[in-house]
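The values are calculated or read from the model by the stated rules, or taken from the named source; none is laboratory data. Since the model is a prediction, treat every value here as computed from it, not as a measurement. Methodologically, a virtual Cβ is constructed for each residue, glycine included, from the backbone with ideal geometry; neighbour enumeration extends over all protein chains shown.
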């Protein structure tokens, strides 16, 4: 553009007639129409200097003939529908010669629906009912990061991010009969979970040059989430470069994840049943890694490494004897090694 800005617009669509599927459990194959899919997407972006604005909308409808979740096999009304919208603004600029700023604000929405046709008696498929399983989410937030290079041998970073989960709703019910749920016409209470929450994070990093061959990278992050204890995640990296074409990295890092709304609150009184779990604790991971990188000329790079990780309170779906439920499990340890060869062809 004449004012040194630029923009991008993109529109795409998908229309699939599906295919006929055959399963050993069923005598007949599915119809092509019951596997069809329609989707559409729009994306736009505008850049001007250090400012960037972007927005997008997408929607999809996918029919499912497979009898998922106990639905009637090959029924043309079984389908998933979802749509997502987002709006985002970013800014990247210099506040001073040795101080840079990176900021972002955003808004997102997501809607999901599953229409499932169920039968009380599989031998009488005419006696069916349609159930609607639904989820809605609205979230917005902001994040900013300052990078300071004023001090010799130090590159300091300070970051702050906040996200408001303004709406986290999940429900299921039989259409035209809100007293029934997706449980073979059961009159158990319908799922109607309406939640909200937030998360807040603060991070600090320092990249320290210890001489011509050594660097030390230090970092720590503080997280606080709604209905969860605060958590501190440190990380350390020691980097040694004996030659310009060789580098040794010794790395330690940690992170954590809180349970999401589906894992904590979703109840499904059917067969198999699913129960929520309000007592889920965040899962935490610690990683240890050693990596040697070696260049074999200007176009070839090799890397060999070994790692170990340990996950505590990891969240897994298990059968508790009554229903499926997400629960915290004992610590899990993992070990491994990898080798990588990369070559750029001219």
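Tabulated values for the structure
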{"read-out": "Residue check, residue 238 within 29 Å of residue 204 (Cβ to Cβ) and either loosely packed, with under 14 Cβ neighbours inside 10 Å or without any contact (Cβ under 8 Å) to a residue 12 or more places away in the chain (or both)", "value": "no"}
{"read-out": "Single match in 33, 68, 55, 89 (criterion: more than 19 Å from residue 14 (Cα to Cα) and touching a residue at least 40 places away in the same chain (Cβ under 8 Å))", "value": "68"}
{"read-out": "From 240, 252, 222, residue being part of a strand (DSSP E or B), more than 32 Å from the chain's Cα centre (by Cα), on the phi < 0 side of the Ramachandran plot and at pLDDT 95 or above", "value": "240"}
{"read-out": "Contacts under 6 angstrom Cβ, first residue in region 308-334 being at positive phi and free of Cβ contacts under 8 Å to residues at least 40 places away in the same chain, partner assigned to a loop (DSSP other than H, G, I, E, B) and surrounded by 12 or more Cβ atoms within 10 Å (Cβ to Cβ), 6 or more apart", "value": "313/281"}
{"read-out": "Extreme residue, surrounded by the fewest Cβ atoms within 10 Å (Cβ to Cβ), among residues of region 150-198 that are at pLDDT 90 or above and in contact with a helix residue (DSSP H, G or I) (Cβ under 7 Å, 6 or more places away or on another chain)", "value": "195"}
{"read-out": "Any hit, region 85-98, residues being at pLDDT below 90, over 23 Å from the mean Cα position of the chain (by Cα) and exposed (fewer than 12 other Cβ atoms within 10 Å of the Cβ)", "value": "no"}
{"read-out": "So residue 324, is it at pLDDT below 95, surrounded by fewer than 16 Cβ atoms within 10 Å (Cβ to Cβ) and under 25 Å from residue 138 (Cα atoms)", "value": "no"}
{"read-out": "Given (1) in a strand (DSSP E or B); (2) over 21 Å from residue 267 (Cα atoms), number of the condition residue 317 does not satisfy", "value": "(2)"}
